[in-house]
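**Student:** Shown below is the structure under consideration.
Throughout, read-outs are computed from the coordinates displayed, never taken from laboratory work. Not measured: the values here are computed from a predicted model. Cβ placement follows ideal geometry from the backbone for every residue including glycine, while neighbour counts extend to all protein chains displayed.
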Amino acid sequence: MAKWEYSPAPESTDVVDVKSSYDLFIGGTWVAPVSGQYMKTINPATEEVLSDIPVAGEQDVDEAVKAARAASKPWQRLDGSERAKYIFRIARVIQERAREIAVLESMNGGKPIKESRDIDVPLSAAHFFYYAGWADKLQYAFPGMKVKPLGVAAQVIPWNFPLLMLAWKIAPALATGNTVILKPAETTPLTALLFAEICQQIDLPPGVVNIITGAGETGAALVAHPDVNKVAFTGSTEVGRAIQKSIAGSGKRLSLELGGKAANIVFEDAAMDQAIEGVVNGIFFNQGHVCCAGSRLLIQESIAEAFVEKLKRRLGTLRLGDPLDKNTDIGAINSREQLDKIRRLVGIGEQEGAEMYQAPCDIPERGYWFPPTIFTGVSQSHRIAQEEIFGPVLSIMTFRTPEEAVEKANNTPYGLSAGVWTEKGSRILWMADHLKAGVVWANTFNRFDPSSPFGGFKESGFGREGGLHGLEPYVALTP
Amino acid sequence: MSRVEVRKTYKLYLGGDFPRSESGRSYEVLKPQGTFLANAVRASRKDVRDAVVAARKAQPNWASATAYNRGQVLYRIAEMMETRRPELASEVAAAEGKRGSDKQIDTAIDTFVWYAGLADKLSQIAGGLNPVAGPYFNLTVPEPTGVVGIVAPESPSLAGVVARIAPALCGGNATVVLASEAHPLPSIALAECLATADVPGGVVNILTGHKDELVPILASHGDVDAIDITGVEDSAIADTEIAAAGNIKRVIRAEGSPSPTEAIAFMEFKTVWHPKGT
């Protein structure tokens with residue numbers, strides 16, 4: 001197939017103003033870290049340093065918790081309708097500054113601008129808009145129950161959707177009357193710090209939202225702080241498990257959104273072209289840095305060969321490169337560390353005997369990149385069929401019957417999401433009943449909406465984010 | 001000449017059967033005044049594991065029964081308890097004293113009736129259609145968490161365990177229950193009601209024994225999806241929660257009287273998307 005040549009179409013970075021260094025956002029103001037420590041944050045597509053970011057130490061964490069505690073009572077006493085207006089304001093300013101945020105997100109995280117522009121930023125604004133409306137309607141969400149906020153929430157988020165995960169955490173917490181301390185991921189702090197500016201712009205009362213930056217130690221200190229009432233974490237199952245252990249017996253409420261190894265299941269009667277697009281979107285969206293990514297493809301045996309051929313052809317048309325280019329499909333891998341992890345697991349996949357195919361594409365000289373990769377001849381015991389790779393790597397297996405598809409799909413400790421592709425309605429509903437997953441996408445994949453609850457079964461965590469169900473992790477209910 | 005009464009051997013309730021512990025152990029259960037009442041089975045690690053296997057095996061069919069059917073089974077439990085009222089009352093009185101024992105039986109029976117009526121309302125109360133911003137059908141439904149470990153409170157001996165089993169069963173979970181350690185006999189009397197009430201074998205398994213021995217086994221078991229720590233002593237909660245984290249168990253505790261919230265605590269939420277189009 002002839003390769004289409006596109007002219008470069010990079011988004012301008014003029015709209016963003018990255019400071020050479022940042023402070024912590026505590027009690028409504030910018031505070032230099034007591035720790036005196038800073039780390040560099042980079043652009044993973046160029047390895048260029050963007051800014052110096054504070055590393056909050058235990059004392060800084062304590063100051064942030066104090067600020068959130070001080071703000072807690074007045075924020076709880078505020079009428080829900082007034083709290084709502086602050087949250088609506090946040091939604092509006094995210095919309096106003098949409099382009100700036102999208103460019104900054106792509107610069108700091110490596111994701112294609114078309115994704116940050118069309119998905120991350122609008123969904124973040126929508127999430128605040130959705131939960132704003134709940135703030136004065138909580139009694140209708142839990143009929144017959146008294147609804148109270150928990151108090152101070154410690155929230156730790158990952159680097160794959162920095163602003164969107166912030167929105168998923170902060171919006172329901174504020175709507176239910178909690179104050180928060182949020183720690184963005186080590187590698188992607190910039191949009192969270194921009195969000196702190198937004199809190200100032202909308203005159204959010206000081207201390208209601210506090211943003212502290214740092215790495216794992218900062219997060220551990222935050223969740224361990226004795227004056228925190230609620231811990232919310234999105235990230236790996238390994239860290240989630242450590243957090244669950246670390247707060248055992250403390251009485252802190254916990255919600256966890258952890259790893260996944262989703263099966264995307266394609267039946268022989270599926271609409272082939274749509275399924276191909278769904279499979280590609282399922283695993284290559286955001287370079288596969290997606291907890292609910294469709295990282296295992298289960299194809300019905302009768303169409304497996306033809307499907308894989310078609311998939312390989314489609315892989316050849318994916319454009320890997322500058323995240324700021326509007327035509328880019330596959331951006332940069334978020335960090336050196338993540339790139340190493342992907343390489344290691346892909347190496348294991350080859351050693352264990354699976355057959356690898358990588359789309360032919362030019363890899364830029366600088367930055368962190370990994371080409372779209374598929375493995376065929378994968379068996380269920382292979383590590384690439386069991387472990388979350390969190391990269392653009394698809395493991396392909398086959399099945400004969402719906403029962404076999406369900407058994408294989410459910411055969412992991414995870415249970416976050418699953419995909420089903422078939423034109424037969426009754427089979428979709430049967431599959432949806434039997435798949436052990438918190439989200440089932442039928443004839444679509446990777447769809448998100450503020451009104452739609454998201455979260456896992458089994459070791460993918462507990463608690464839901466989004467929708468009415470997303471309020472529950474932030475409230476105490478009494479009869 | 002007065003007749004010598006026939007006394008009952010109290011056993012475990014496991015997979016629908018009433019076995020003794022594979023370990024052959026027992027412990028003395030005392031009356032309120034501190035004198036010997038009976039021997040109860042002191043269940044072992046193996047018994048816990050066997051109970052989890054039985055629960056895992058029974059759970060899918062219990063979950064796939066219609067909600068209407070589950071409601072009828074729960075109601076049948078209440079019927080069986082009502083007909084065995086004198087027996088239940090004498091067990092509770094022997095364990096905790098006569099005072100309040102009748103009221104406790106009322107509460108226990110009425111709790112099953114309450115959840116019997118909830119079974120086919122739960123997904124309408126707790127689920128729904130989500131108005132997503134796009135051409136998609138999007139539905140959220142509650143589903144059972146799976147196999148749930150329940151550490152029953154020490155007292156009230158019967159109403160306490162019923163208040164935890166009923167909401168878990170309502171949504172389609174299978175349970176492994178550690179009975180009150182001091183007052184285990186009413187739980188075994190309850191098991192005899194369950195066994196005659198169309199509850200499929202393995203859906204409820206009741207073990208008696210020492211909590212300090214059994215709770216850590218149940219809490220750390222990799223095939224138990226959630227643990228209800230209502231009956232765990234305060235001093236043991238931290239260790240129980242640490243053990244539960246091994247497979248990211250949901251940790252649940254009683255919040256109060258019967259309510260949908262109590263049943264929902266034993267549920268997961270599944271959201272299904274499908275495009276709309278011609």
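**Student:** What does the charge add up to near B:Thr240, with Lys and Arg as +1, Asp and Glu as -1, over the other residues with Cβ less than 12 Å from its Cβ?
**Tutor:** Net local charge, B:Thr240 excluded: -2.
**Student:** Going by the alpha-carbon gyration tensor, a ≥ b ≥ c the square roots of its eigenvalues, is segment A:305-366 rounded (a/c under 1.5) or, if a/c is not under 1.5, prolate (a/b greater than b/c) versus oblate?
**Tutor:** Oblate is the answer for segment A:305-366, as a/c is 1.5 or above yet b/c matches or exceeds a/b.
**Student:** How would you rank A:Phe267, A:Phe284, B:Phe18, going from fewest to most other Cβ atoms within 10 Å of each one's own Cβ?
**Tutor:** Sorted ascending by nearby Cβ count, the order is B:Phe18, A:Phe267, A:Phe284.
**Student:** What residue among B:Ser26, B:Ala168, B:Trp62 has its Cα farthest toward the positive end of the dipole of the protein assembly as shown, where the charges are +1 on Lys, Arg and -1 on Asp, Glu, each on the Cβ?
**Tutor:** Of B:Ser26, B:Ala168, B:Trp62, it is B:Ser26.
**Student:** Going by C-beta contacts inside 10 Å, put A:Lys458, A:Lys19, A:Lys436 in order with the fewest on the left.
**Tutor:** With the fewest neighbours first, A:Lys458, A:Lys19, A:Lys436 line up as A:Lys19, A:Lys436, A:Lys458.
**Student:** Taking a spot 7 Å from the Cα of B:Asp223 along the direction of its beta carbon, which residues of segment B:149-184 have an amide N less than 16 Å from it?
**Tutor:** Flagged as within label range: B:149, B:174-177.
**Student:** Once every DSSP H run of n ≥ 4 in the protein assembly as shown is given -39500 (n - 2.57) and the sum is divided by its residues, what mean residue ellipticity at 222 nm do you get, rounded to the nearest 500 deg cm²/dmol?
**Tutor:** That comes out to -12000 deg cm²/dmol.
**Student:** For A:Ser12 and A:Glu337, compute 0.36 nm times the residue count separating them, minus their Cα-Cα distance, and round to one decimal in nm.
**Tutor:** 114.2 nm
**Student:** While we're here: Straight distance only, please: which aspartates and glutamates reach the Cα of A:Lys310 with their own Cα at less than 17 Å, same-chain residues fewer than 8 apart left out?
**Tutor:** A:Glu268, A:Asp269, A:Asp273, A:Glu277, A:Glu301, A:Glu355
**Student:** Suppose each label sits 7 Å from its Cα in the direction of the beta carbon; what would the B:Thr9-B:Arg253 distance come out to in nanometres?
**Tutor:** So the two model labels end up 3.8 nm from each other.
**Student:** While we're looking at this one, here's another question. Rounded to the nearest 20 debye, what is the charge dipole size of segment A:263-442 about its Cα centre when +1 sits on each Lys and Arg Cβ and -1 on each Asp and Glu Cβ?
**Tutor:** Taking the Cα centre of segment A:263-442 as origin, the dipole is about 280 debye.
**Student:** Charges on Cβ only, +1 for Lys and Arg, -1 for Asp and Glu, centred on the Cα centroid of chain A; of A:Met397, A:Thr218, A:Leu297, which one is farthest towards the dipole's positive end?
**Tutor:** A:Thr218
**Student:** Could you give the dipole magnitude of segment B:16-93 about its Cα centre, charging the beta-carbon of Lys and Arg +1 and that of Asp and Glu -1, in debye to the nearest 20?
**Tutor:** 300
**Student:** Just the number, please: percent antiparallel of the DSSP beta bridges in chain A, rounded to the nearest 5.
**Tutor:** Percent antiparallel among DSSP bridges in chain A is about 35.
**Student:** Taking amide H atoms as placed 1.01 Å from N in the peptide plane, list the residues 5 or more away in sequence, or in a different chain, whose amide H sits under 5 Å from that of B:Gly16.
**Tutor:** Hits under the 5 Å cutoff: B:Gly202.
**Student:** Another question, then. In whole percent, what relative contact order does chain A give with Cα contacts below 8 Å and a gap of six or more residues?
**Tutor:** 18
**Student:** Loop only by DSSP, 14 or fewer other Cβ within 10 Å of the Cβ. Give me the chymotrypsin sites (Phe, Trp or Tyr not before Pro) in segment A:1-53 that pass, ordered by residue number.
**Tutor:** A:Trp4, A:Tyr6
**Student:** Taking amide hydrogens as modeled 1.01 Å from N in the peptide plane, which residues meet the under 5 Å criterion relative to B:Glu143, leaving out close sequence neighbours?
**Tutor:** Those lying under 5 Å, H to H, from B:Glu143 are B:Glu268, B:Phe269, B:Lys270.
**Student:** By DSSP, what percent of the beta bridges with both residues in segment B:26-275 are antiparallel, rounded to the nearest 5?
**Tutor:** DSSP beta bridges in segment B:26-275 are roughly 50 percent antiparallel.
**Student:** Tell me the relative contact order for segment A:320-479 as a rounded percent, counting alpha carbon contacts under 8 Å between residues six or more apart.
**Tutor:** 14
**Student:** Could you tell me the relative contact order of chain B? Use alpha-carbon pairs under 8 Å, at least six residues apart, and round to a whole percent.
**Tutor:** 25
**Student:** Against the longest principal axis of chain B, how steep is helix B:234-244, in degrees 0 to 90 to the nearest 10, with axes from Cα atoms?
**Tutor:** The two axes meet at around 50 degrees.
**Student:** Rounded if a/c is under 1.5, else prolate if a/b beats b/c, else oblate: with a ≥ b ≥ c from the C-alpha gyration tensor eigenvalues square-rooted, which is segment A:91-243?
**Tutor:** Cα axes put segment A:91-243 in the oblate bin.
**Student:** While we're looking at this one, here's another question. What ³J(HN,Hα) values, in whole Hz, does the Karplus curve 6.51 cos²θ - 1.76 cosθ + 1.60 give for segment B:41-56 when θ = phi - 60°, with x put for Gly and Pro?
**Tutor:** Along segment B:41-56, the couplings run 5, 9, 5, 10, 3, 5, 5, 4, 5, 4, 5, 5, 4, 5, 5, 4 Hz.
**Student:** Follow-up question, since we're still on this one. So, R0 is 45 Å and r is the distance between the beta-carbons of A:Gln200 and B:Leu129; what FRET efficiency does that work out to, to 0.05?
**Tutor:** The pair A:Gln200/B:Leu129 has a calculated efficiency of 0.75.
**Student:** Here's something else I'd like to know. Each residue of segment B:68-83 in turn: what ³J(HN,Hα) in whole Hz from Karplus with 6.51, -1.76, 1.60 and θ = phi - 60°, glycine and Pro shown as x?
**Tutor:** Per-residue couplings from phi come out as 4, 5, 4, x, 5, 5, 4, 5, 4, 4, 4, 4, 5, 5, 4, 6 Hz.
**Student:** List the pairs from A:Lys148/A:Lys408; A:Lys169/B:Lys121; B:Lys46/B:Lys98; A:Lys114/B:Lys270; A:Lys245/A:Lys341; A:Lys436/B:Lys103 whose alpha-carbon separation is above 32 Å, in the order I gave them.
**Tutor:** In this structure, A:Lys148/A:Lys408; B:Lys46/B:Lys98; A:Lys436/B:Lys103 lie more than 32 Å apart at Cα.
**Student:** For the Cα atoms of chain B, what angle does the longest principal axis make with the long axis of helix B:185-195, in degrees from 0 to 90, nearest 10?
**Tutor:** On a 0 to 90 degree scale, this one is about 50.
**Student:** Between A:Lys424 and A:Arg77, with labels modelled 7 Å along Cα→Cβ, what's the label distance in nm to one decimal, could you check?
**Tutor:** Roughly 6.3 nm, to one decimal.
**Student:** Continuing with the same structure: How high is the FRET efficiency from A:Met272 to A:Gln37, r the C-beta distance, R0 35 Å, rounded to 0.05?
**Tutor:** After rounding to 0.05, the efficiency reads 0.05.
**Student:** So for B:Lys270, A:Lys312, A:Lys114, fewest C-beta neighbours within 10 Å to most, what's the order?
**Tutor:** A:Lys312, A:Lys114, B:Lys270
**Student:** What size of dipole, in debye to the nearest 20, comes out for segment A:341-479 about its Cα centre when the only charges are +1 on Lys and Arg C-beta atoms and -1 on Asp and Glu C-beta atoms?
**Tutor:** Around 60 debye, computed over segment A:341-479.
**Student:** Next question. Once both labels are modelled 7 Å past Cα along the beta-carbon direction, what's the A:Ser379-A:Arg99 spacing in nm?
**Tutor:** Distance between label points: 5.6 nm.
**Student:** Just tell me how shielded A:460-466 is by partners: mean number of partner chain Cβ atoms within 10 Å of each residue's Cβ, no decimals.
**Tutor:** Per residue, the number of nearby Cβ atoms from other chains is 3 on average.
**Student:** Here is a further query. Run through segment A:342-395 and list the GluC sites (Glu not before Pro) located in a DSSP loop whose Cβ has at most 10 other Cβ atoms within 10 Å.
**Tutor:** In loop regions of segment A:342-395 (DSSP not H, G, I, E or B), the sparsely surrounded GluC sites (Glu not before Pro) are A:Glu365.
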